Amino acid sequence: MSAKKTIGIVGARGHVGTELIKLVCGHPSFDLAYVSSRERAGRRVSDFEPAYVGELRYSAPTHEDLPTLGADAVVLALPNGKAAACVAAFDFADDADPVILDLSADFRFDAAWYYGLPELTRQHQAGQRRISNPGCYATAMQLAIAPMLEFLDGPVQCFGVSGYSGAGTTPSDKNDPEKLRDNFMPYALTGHVHEREVSAHLRHPVEFMPHVAPHFRGLTITANLHLRTAFDREAVAARYRDAYAGEPLVRVGDDAPWVSRIAGAHHVELGGFTLSEDGHRLVVVATEDNLLKGAATQALQNLNLAFGFDEFAGIPLAPRAEAA
Ligand SMILES: NC(=O)C1=CN([C@@H]2O[C@H](COP(=O)(O)OP(=O)(O)OC[C@H]3O[C@@H](n4cnc5c(N)ncnc54)[C@H](OP(=O)(O)O)[C@@H]3O)[C@@H](O)[C@H]2O)C=CC1
Ligand SMILES: CC(=O)N[C@@H](CCC(=O)OP(=O)(O)O)C(=O)O
């Protein structure tokens, strides 16, 4: 398989689209077909992304134009609620059937779409051409909970703190550095879409309390798990190490990981395993760069798998360091 596959990114000005452009530029088997942004239409990609060498310019195709642009895969990096109209344009076109990967929450509950969290779902991936990329917090929560799933006793509580890039570029209180200065904003304290997403995909209730903080990128999940069986720290740590042995994008450490050390890294870090005296309550900490393993890196894993490439091709792995 030597010919490069081409990727169109719709919503390429955004935080996630921008990370994906950088990853595609460094990928041995993918090239950009087009990158869309209404705001940057006509501007050179190289003026914004030094990693890109070439003449491509941002464009602003209509939904109906998209199927005529000829990409092997289309990545939708649009705000929630905007993906369906793009997908409908491909459904309507007779002669375009690209792989479609949606980064929004719009298809995460749609059984006709493959939910691509490869470490937990890649056994269902073969032949899938409609891929729904998981939410950022949802990725960290599922990886933090999955190894203990069979021992859970009642709902899991997850306290989440995200950098404000998680709130996208449309101005709001949640991405206003002035309002976030010396501050910490709780929001969507019940019923957040990632609470429903994790509960649905793990088939176990999760209670999620998100907050946004003044740093730009990186999130922390502190998960509180009640267990039917008593565990000690060594047994828990061994369980996580076994579950993720051979997974380059999930690292298990001893101490609780720090968000300041995950920014710019492509993996999720798990650690800080702490048990109550009776061994029936476990706290686990996860950190993740919301724009990378929480979005663009995971999208690249999914695209690699969709085209039969090595799942980790084009993903630069940070050298393994001791956890915090
Ligand atoms: N930020 C994060 O940490 C994560 C985000 N996601 C999801 O990924 C998607 C992209 O997120 P993010 O990059 O942060 O978002 P941004 O707000 O940063 O970017 C959105 C992009 O969509 C374009 N856009 C906005 N509104 C419309 C519209 N009505 N029609 C067409 N294009 C539009 C914007 O460009 P222009 O206005 O120039 O056209 C921009 O390129 C979202 O669905 C988000 O939920 C998933 C995981 C993590
Ligand atoms: C800080 C912040 O606002 N974060 C976003 C999550 C970003 C993400 O993963 O988004 P989607 O599930 O919408 O794709 C939020 O809570 O909605």
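The values are calculated or read from the model by the stated rules, or taken from the named source; none is laboratory data. Computed from a predicted model, the values in this text were never measured in an experiment. All Cβ positions, even for glycine, are placed from backbone atoms using ideal geometry, and neighbour counts span all protein chains on display. Protein only, heavy atoms only, side chains kept; ligands, DNA and RNA dropped before computing areas. Shrake-Rupley method; radii C 1.70, N 1.55, O 1.52, S 1.80 Å.
Membrane-span-like helices in the chain, defined purely by DSSP H runs whose alpha carbon atoms cover 18 Å or more axially and whose average Kyte-Doolittle hydropathy reaches 0.0, do not occur. Share of carbon and sulfur in the accessible area of segment 144-273 stands at 53%, probe radius 1.4 Å. The Kirkwood radius of the chain, taken over pairs of alpha-carbon atoms, gives through the Stokes-Einstein law at 20 °C and 1.002 mPa s a diffusion coefficient of 106 µm² s⁻¹. Applying 1/(1 + (r/R0)^6) with R0 = 25 Å to the Cβ-Cβ distance of THR170 and GLU64 gives a FRET efficiency near 0.55.
The calculated FRET efficiency for ARG241 paired with ALA126, based on their beta-carbon distance and R0 = 35 Å, is about 0.80. Rounded to the nearest 10 square angstrom, MET209 shows an accessible area of 70 square angstrom against a 1.4 Å probe. Summarising the overall dimensions of segment 207-317 from its C-alpha atoms, the Rg and Dmax are 15.5, 49 angstrom. Using just its DSSP H runs of length 4 or more, each adding -39500 (n - 2.57), the chain gives a mean residue ellipticity at 222 nm of -6000 deg cm²/dmol after division by all residues.
Applied to segment 117-131, the Karplus parametrisation 6.51 cos²θ - 1.76 cosθ + 1.60 on θ = phi - 60° returns per-residue 3J(HN,Hα) values of 10, x, 4, 10, 10, 5, 5, 9, 7, 3, x, 7, 10, 10, 10 Hz, with x for Gly and Pro.
Computed over segment 22-170, relative contact order equals 15 percent, with contacts defined as Cα pairs under 8 Å that lie 6+ residues apart. Take every Cα pair under 8 Å whose residues are at least 6 apart in sequence, average their separation, divide by the length of the chain, and the relative contact order is 16 percent. Its alpha carbons considered, segment 136-290 gives a radius of gyration followed by a Dmax of 15.4, 47 Å. Accessible surface computed residue by residue for the chain, with neighbouring protein chains in place and a 1.4 Å probe, gives 44 Å² per residue. Annotation for segment 14-39 versus segment 212-277: alpha-carbon center distance of 30 Å. An oblate overall shape is assigned to segment 126-214, the ratio a/c of its alpha-carbon gyration tensor axes (a ≥ b ≥ c) being 1.5 or greater and a/b not exceeding b/c.
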